[in-house]
1. Order by neighbour count: 46, 11, fewest other Cβ atoms within 10 Å first, most last.
2. Counting each DSSP H run of 4 or more residues in the chain as -39500 (n - 2.57), what helix-only mean residue ellipticity at 222 nm follows after dividing by all residues, to the nearest 500 deg cm²/dmol?
3. Going by how many other beta carbons lie within 10 Å of each one, how would you line up 23, 178, fewest first?
4. For helix 148-161, what angle does its Cα long axis make with the longest principal axis of the chain, in degrees from 0 to 90 and rounded to 10?
5. May I ask what percent, to the nearest 5, of DSSP beta bridges between residues of the chain are antiparallel?
6. From the alpha carbon gyration tensor of the chain, can you work out the equivalent ellipsoid semi-axes (sqrt of 5 times each eigenvalue) and give them in Å, largest to smallest?
7. Can you sort 20, 169, 188 by how many other beta carbons sit within 10 Å, fewest first?
8. Sort the stretch 2-110 into rounded, prolate or oblate with this rule: let a ≥ b ≥ c be the square roots of the eigenvalues of the Cα gyration tensor; rounded if a/c is under 1.5, and if a/c is not under 1.5, prolate when a/b is larger than b/c, oblate otherwise.
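Each value in this text was obtained by applying a stated rule to the coordinates, not by laboratory testing. Bear in mind that the values here come from a model prediction, so they are computed numbers and not experimental data. When we count neighbours, we look across all protein chains shown, and the Cβ atoms used for this are built from the backbone with ideal geometry, even at glycine.
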C-alpha cells in the first residue's frame, strides 16, 4: 500500500490521527492479504502545542500502527524527512528519500509493472461505493495494460468484485498510474459489453497518465469532474468526489 499526504497536511490533535486511521481503514476494504505500507510524508507536519498534546498524539500514533498490525500490516516506512516537521513522532522510520524507504521495506525500485506479470493483480485496488452505485478502480503502482494477458487480469479482478453487487453500477477509473495500449481498444469494447450485461451503466476515468486518447473510455483531468459525469447519471454524489480533506488519501 502506498499512502501520500497532500499539500498542507497537518496532524495537530488526536482527532487528526483518527481521521488518518479512518481513511486507512477505508483503503483496506480492497485488501485481503498481508501488506507493506510506504508513506510519503514530504507534505506532512506534526505540530505539538504543549507537553500534554505531545504525549497524547504520540500515543495515538502508536496505537494506530499497532491496530493495523492486527489487520495484516507487515511493515511500514516513510520518506520525505525534513527538519522541523515533527516527523520523529511517527512510530515508524522516516527516510530522506523514497529509495531508502523502499529498501527498508524490501520493495523493488519503482517502475512500470510488466504487462501480465504476477504483480499486476496485486496492483489493482477496487473500492465499492454502494450508496453512489459506483465501483472505483485505482492502481497502487505504475501499470501498463498493453497485452491481452494484462487486460484479462484486469477483467478477472473486476469480475470477481461483481459478487458484491446486486444493482446497477458505474465504473470510475483512476488513470494516474495507468497506461493503456490503443491497440486493445476493440478488446476493451468486448469487455465493456460483457459488464453491461451485468448491469454496468457508465465507464469514466480521471487523472490521465499522458495523452487521454490512449484510454478507451472518456477521461477527465480531475476526479470531481469524472464523478460529476456519474452524478449526472444519478450514480455519484459530487460532494464526496471532491475529496477536500486536508489529511491523507491512502492508495491501495
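1. Working: 46 21, 11 25.
Ordered by Cβ neighbours within 10 Å, fewest first: 46, 11.
2. On the way: 8 runs with 86 residues, N = 252.
Only helices count here, giving -10500 deg cm²/dmol.
3. Fewest-to-most ranking of 23, 178: 23, 178.
4. 70
5. Details: 10 of 40 bridges.
Beta bridges within the chain, antiparallel portion: roughly 25 percent.
6. Working: eigenvalues 232, 82, 53 Å².
Square roots of five times the eigenvalues give 34, 20, 16 Å.
7. 188, 20, 169
8. Details: a/c = 1.84, a/b = 1.24, b/c = 1.49.
Oblate shape, in that a/c is at least 1.5 and b/c is the bigger or equal ratio.
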